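Colleague: Attaching a single structure in C-alpha cells format; questions to follow.
The values are calculated or read from the model by the stated rules, or taken from the named source; none is laboratory data. Quick caveat, the model's predicted, so the values are computed rather than measured. All accessible areas refer to the heavy atoms of the entire protein, side chains included, with ligands and DNA or RNA removed. Shrake-Rupley method; radii C 1.70, N 1.55, O 1.52, S 1.80 Å.
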Amino acid sequence: MKHLRIAQLSLLFLCLLTFLYSSAGNEFQTIRGTVVDQVSKTPLFGVSVIIPGSDPLIGTVTDLDGKFELNQVPLGKYTLQFSMVGYETVIMNDLSLTAAKELVLEVSMKEKAFEGAEATVTATVDKNRPQNEMLTVSSRTFSVEETQKYAAAVNDPLRMSLAFAGVVTTDDGNNNISIRGNAPGGLLWRMEGIDVPSPNHFTAPGTSGGGISILSSQLLSNSDFSTGAFSAEYGNALSGVFDLQLRKGNNQKREYTFRAGVLGVDLAAEGPFKKDYAGSYLVNYRYSTLGLLGQMGVNIGDGVTTFQDLSYHVFLPTRKAGSFSLFGFGGLSSQVFEADRDTASWKLDGDPSEGRYHSNTLAGGIKHTYHFNKQHYLKSAFLLSTADIGYKENELDYNLVNHFQYEQAYQQNKRVLSSTLNSKFNAKTSMRSGVILTNMDFNTKKVYHHDSLNKNVTLSDFDGATWLFQTFTQWQHQLNSRWMVQGGLHFLTLALNGSSSLEPRASIRYQINPDNSLSLGYGLHSQMQPLSMYFSRVQDNQGNTGGDVHKGLGLSKAHHLVLAYDRSFGKNWRTKVETYYQRLFNIPVSADPKYQFSVLNNTEDDAPYFLVNEGKGENYGLELTVERFLANDFYLLLSASLFESKYAAVDGSWHDTRFNTGRVVSLTTGKEYQLAEKYKSRIVGWNLKLIYSGGMRTMPIKLEESIADGKPVFDFQNAFAWQNPDYFRADLGLTLKRNYKRSTGTLSLNIQNVSNRSNVGGRYFDQNTGKIKSWYQAPLIPVLSYKLEF
C-alpha cells in the first residue's frame, strides 16, 4: 500500500510537470452528432445546424440518418442552433470545444403540434426540461457538465443533487440524501431504462446511497432527477427517481482520459470497433484510496479505506435487427482497521480490536431497441446484479494472537426484465406502456463469540426469495397550443404475500405565454420493504420468533400532489416555485407503542421490532429555484426550501421525522475565464457551493437512566425531539485548463468544507465520563487532481 501511494503521488507530480511545460498546438476540432424526434427517436433528415454569428457562417444539414458534422471549428465556446420546418428550434449554449476530444452530440427535437395562428413563439431549448418528455412536475435534467463543474460533487450525481430544491444531505460521511423529508431508501435508481441497485461504494442493505458513486462522469449523458409525482413508468419508489442515461463512445476516433489525484487514478477509453461501423465502446476504471489524505494530515478516521470500480457501455447497432447495448458497473469497497501492536498503548476496550468491512456491487445488462416504423419502437432490457456486504471483527490478546469476535454477511441478487413500447400517434398524442419483472433473493448471517460460554453463537441465519411484478401505461396529449394533459396507471404486486397497488398518475400543464407556465401533478406511489425485512426474525406480540413474522407486511404508500409555476426571463434566466403535499400511509411501525419506531426514519434496513402497517406520515413544503443557465462561461443556481416532515406511530402520536430539518438553502455558482492572447490556450475557473440548513434530528437520551445502566437509554416517547445545530458548509473548486496539440489538461483543486466548520452529526452517551457528547462531521478536505484527455 505504501508503494502504491508513492506511485500515485509520482504520477500526479509528472502530470503537473506536463501541464506546466507542454506547448499548445492544434487550434481546430470537430463537432458532430445525431438529431432525432424527441418522442419516436427516429432520425430527422434536413435539420439545419449552424453556429449563429460565425463569420463566415459555419453550418450544415443532417443526412438521411439524422447525422451532421462540422469540421475545422476553432477551439472555444459555441452556441449551436438546430432548426427545421414543423419542429421547435433548439439552441444549445456554451458548448466547450477542446483540443482533446471531438464534441459528439445527441439532440432531440420536439414536433410542433400546432401551426399558423395558434403556434407558440419558437423558443430556445429549456435546459431544465427533463430528457423524459413524460415528466411534468418536480423533475429536471442534470448534465455531465454540471457533475464536473459543481464544487465538491466529485462527479457524484447524489452529491450534485444537493444543489436542487428539497434535497438535504443526511451525513457528510456518505452521499445519502433525503428528498422532501423522506428517508434515503425511498429513491429509485434507473440506468438505460431499467431498475438497478444502488450504484455506490460502501452502500448498506436497504439504502440508495453509500460513500461515493461507482459511476464515473465519463460514462454519463444528460439524465433526469425527479422529486415527486413522477410519471407512471416509475414504480417501487416513494421519494424520487434518478434516471441515468449513458453516452455512447466516439464511433470514429479513439479517445482517452487519464486522471490522477490524491484520491487515486482514473482511466477511460472509447472508440470504434472498426471503420464505417456505427458501433462503439466506452469503458472507465478507477482505483482510489483515502490513505494519501491521511498522510497529508487530513482526519479521515481510523482504518485504511480503498475502493475500485469498472463501468462500461458498448453500443452495437445492426441493419435490420435494431440496436443492442451492453452496459454495467462493478465496485469493490473495503475498510480495514488494525490494532496497535504495542500492547502498552491499549487503554480502552476497543483498542485490541481489528476489523474488515467490505461492500461489493456488480450489475450487468443488455438492452435492445427496435423501431417498427416511424411511430412505434420497442425497448427491452435484462439486468443481473448482486450486492455483497460484510463485516468481520477479531480481537488480539496480549500475545498478539487473533480471536474471533463477530461476523456479519449479507448478499442480495436480482434479475430484472423490462420491456417498453413507445408510440407516437401524431404531433399531439403519444403513449408508453410496459412491464417490469424482478426476481430477487438474499441471505444474511450474524455470528458472535459468547465469552462466558466460550463458543460462537449464531444470532441470525436466514434467507428468502420472491418476485415483484410491475406494469404501466401512460398517455400524453397536447389539447391545444396552451394545454397539455397526461394520465397513466402503474400496477405493482409482490408475490411473497400478494400485496399490490393500483396507482393513478396524472398531470396538466398550462402555457400562459412563451415565458410562463403552470403545472399540476398527482400520483399514488408505493414501495416494497427491503427484502431482508420480510424474513427478519424478531418477536411478535406473543413473544414468538420466526421467519414468517414480517412476511405479511404490506407496501408503503403515499399520495403526491404538486403545484408548480415556471417563469423564464432574459435569455438564460429561469425561476420556479413549487408547493407540494405528500400523505404517507400503510407505513410499517413498531406494534409496541413504547418504541415509536417507523421505517420513515430508517437510514438502513434495520428493524429490530415487530412491525405492522399502521403508521402514517406527512411531508409538505414550498420550494424556490432561481437559475442562470451556463452562458458566457457563468452559471448560478439558488434553491430554497421550507418544509415539515412528520410521522405517526402505532398509537397515533405524531413526531418529527429524523430528516425534518425544516429549511435548506443552497447556492451553486461558477465562472470560467479565457486568458489573454499570449496564454489563450489556458482557461481558469472557480466553482462555489454553499449549503445552509436546519440540523438533522436525533433520538433524545435519558442521562440519569443511562448513567445508572451504564449504556444509552433513549427517550422513545419524545422521538426525534432533539435537533442538531444548524448546518453550514462551503465547498470551493479551482480549475486551470490548457489545450495542447492533441490533448487537454485540467488541474483541479476541490476544497470540501473550506471554512473547516465543525458541523454536529449527532449526540451519544459517553460511558467513561457519564456525559452526553456530540460527534462532528467531515473537516476541511482538499482534493487535488489532474486530468489529461487525449
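Colleague: If you take the C-alpha gyration tensor of the range 394-481, multiply each eigenvalue by 5 and take the square root, what semi-axes do you get, largest first, in whole Å?
Modeller: Taking √(5λ) for each eigenvalue gives 56, 14, 9 Å, largest first.
Colleague: Starting from the Cα gyration tensor of the range 567-607, multiply each eigenvalue by 5, take the square root, and state the resulting semi-axes largest first in whole Å.
Modeller: The answer is 42, 12, 7 Å, longest axis first.
Colleague: Can you give the convex hull volume of the alpha carbon atoms of the range 585-636 per residue, in Å³?
Modeller: It is 130 Å³ per residue.
Colleague: Write down the Kirkwood hydrodynamic radius of the range 154-283, to one decimal in angstroms, obtained as one divided by the mean of 1/r over all alpha carbon pairs.
Modeller: Hydrodynamic radius (Kirkwood, Cα only) of the range 154-283 equals 16.1 Å.
Colleague: Send over the Kirkwood Rh of the range 675-790, from the inverse of the averaged 1/r over different Cα pairs, rounded to one decimal Å.
Modeller: So the Kirkwood estimate lands at 17.9 Å.
Colleague: Taking the range 448-509 on its own, what percent of its Cα-Cα pair distances exceed 18 Å?
Modeller: Tail of the P(r) past 18 Å holds 64 percent of the pairs.
Colleague: Could I ask something else about it? Report, to one decimal in Å, the Kirkwood hydrodynamic radius for the range 731-780 based on all distinct Cα pairs.
Modeller: 14.3 Å
Colleague: Can I ask one more? Take the cross-link list 445/646; 248/414; 594/711; 112/253; 428/571 and give me the ones stretching past 30 Å between alpha-carbons.
Modeller: 445/646; 112/253
Colleague: Let me ask another. I'd like the antiparallel share, as a percent to the nearest 5, of DSSP beta bridges with both residues in the chain.
Modeller: Of those bridges, close to 95 percent are antiparallel.
Colleague: Could you tell me the largest-minus-smallest coordinate of the C-alpha atoms of the range 485-640 on each of the three principal axes, in descending order and whole angstroms?
Modeller: The Cα atoms of the range 485-640 stretch 67, 32, 26 Å along their principal axes.
Colleague: Restricting things to alpha carbons, tell me how big the range 598-733 is in terms of Rg and Dmax, in Å.
Modeller: Considering the range 598-733 through its Cα atoms, Rg and Dmax are 22.4, 74 Å.
Colleague: So what is the relative contact order of the chain, in percent, for Cα pairs below 8 Å that sit 6 or more residues apart?
Modeller: 11 percent
Colleague: So if the hydrodynamic radius of the range 474-569 is defined as the Kirkwood radius over C-alpha pairs, what does Stokes-Einstein give as its diffusion coefficient at 25 °C and 0.890 mPa s, in µm² per second?
Modeller: Answer from the Stokes-Einstein relation: 148 µm²/s.
Colleague: Quick one: what Rg and Dmax do you get for the range 413-560 from the alpha carbons, in Å?
Modeller: Expressed in Å, the Cα Rg and Dmax of the range 413-560 come to 22.9, 78.
Colleague: Two decimals is fine: what's Rg over Rh for the range 175-232, C-alpha atoms, Kirkwood radius as Rh?
Modeller: Checking Rg against Rh, the ratio lands at 0.94.
Colleague: Using just the Cα positions, wrap the range 285-440 in a convex hull and report its mean projected area in square nanometres, one decimal place.
Modeller: For the range 285-440, averaging the hull's shadow over all directions gives 14.9 nm².
Colleague: Using the Karplus curve 6.51 cos²θ - 1.76 cosθ + 1.60 with θ = phi - 60°, work out ³J(HN,Hα) for each residue of the range 477-482 in order, rounded to whole Hz, and write x for Gly and Pro.
Modeller: 9, 8, 5, 7, 5, 10
Colleague: Return the equivalent ellipsoid semi-axes of the range 428-477 as a descending list in whole Å, where each equals the square root of 5 times an eigenvalue of the C-alpha gyration tensor.
Modeller: 51, 10, 5
Colleague: Keeping all protein chains in the complex and leaving out DNA, RNA and ligands, what accessible area do you get for residue 682 with a 1.4 Å probe, in Å² to the nearest 10?
Modeller: Roll a 1.4 Å probe over it and residue 682 shows about 50 Å².
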